[in-house]
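To start, the structure itself, in structure tokens.
The values are calculated or read from the model by the stated rules, or taken from the named source; none is laboratory data. Please read all numbers here as calculations on a predicted model, not as lab measurements. Note that each Cβ is placed from the backbone with ideal geometry, even for glycine, and that neighbours are counted across all protein chains shown.
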Amino acid sequence: MDNRFTVAILVNNQFGVLNRVTSMFRRRQFNISALTVSETESAKYSRITVLSEGDEISKQQLINQLYKLPDVCSIVELNPAETVSRELLLVKVANSGETRNDVRAAVDAFEGKIVDYTRETTMIQMVGDSHKIDAFIDLLRDFEILEICRTGAASLERGNTTIRKVTNL
């Protein structure tokens, strides 16, 4: 059974809010697998998207505690079937004559993009859902991965539902 969940938290764009939100996860003993934060369409608010794992009861307790934080405006648990999510991956692999064509074929198959190329290294950009990113990384393990940098998910619910409509802001 998969206990992973994603929550989007709309907060007032204030100093220290991210620390208070992530501290709540720590106090409730939730590990944060991925985290993204940015201003929204209004500079007054920021959106924090957190991927974590836990049982249903603990998750609901966490959400209830998050709502008690003064700068939290709204929280939405994102249903994967009703959400568009994308991550960004930058990965640097060793560039050698023996592997160059195979790396290029993998990049093309996954619709990635080579964004930097030297005699020694190739840097690849990949955008997609977490499953696509995971599969691409697994494929690249056959080569010499030098460095990986990966964002958390940027996620929005499909249709006309918005996190701001939840609280009527």
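Below are the figures for this structure:
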read-out: Options V107, V72; residue that is modelled with pLDDT of 95 or more, in the same structural domain as T40 (by TED's automatic domain parsing) and under 29 Å from S38 (Cα atoms); value: V72
read-out: Condition met for V7 (farther than 15 Å from S85 by Cα, at pLDDT 90 or above and out of contact with any Ser or Thr (no Cβ under 7 Å at 6 or more places or on another chain)); value: no
read-out: Residue that is nearest to L88 (Cα to Cα) [pool: residues in the stretch 5-53 that are outside any strand (DSSP E or B) and charged (D, E, K, R)]; value: E41
read-out: Single match in S33, S52 (criterion: small (G, A, S), surrounded by fewer than 16 Cβ atoms within 10 Å (Cβ to Cβ) and within 19 Å of T151 (Cα to Cα)); value: S33
read-out: Total residues in the stretch 112-169, condition hydroxyl-bearing (S, T, Y), assigned to a helix (DSSP H, G or I) and surrounded by fewer than 15 Cβ atoms within 10 Å (Cβ to Cβ); value: 1
read-out: Residue count for the stretch 61-75, restricted to those that are in a strand (DSSP E or B) and β-branched (V, I, T); value: 2
read-out: Single unsatisfied condition, D102 versus (1) free of Cβ contacts under 8 Å to residues at least 24 places away in the same chain; (2) in a helix (DSSP H, G or I); (3) more than 18 Å from T36 (Cα to Cα); value: (1)
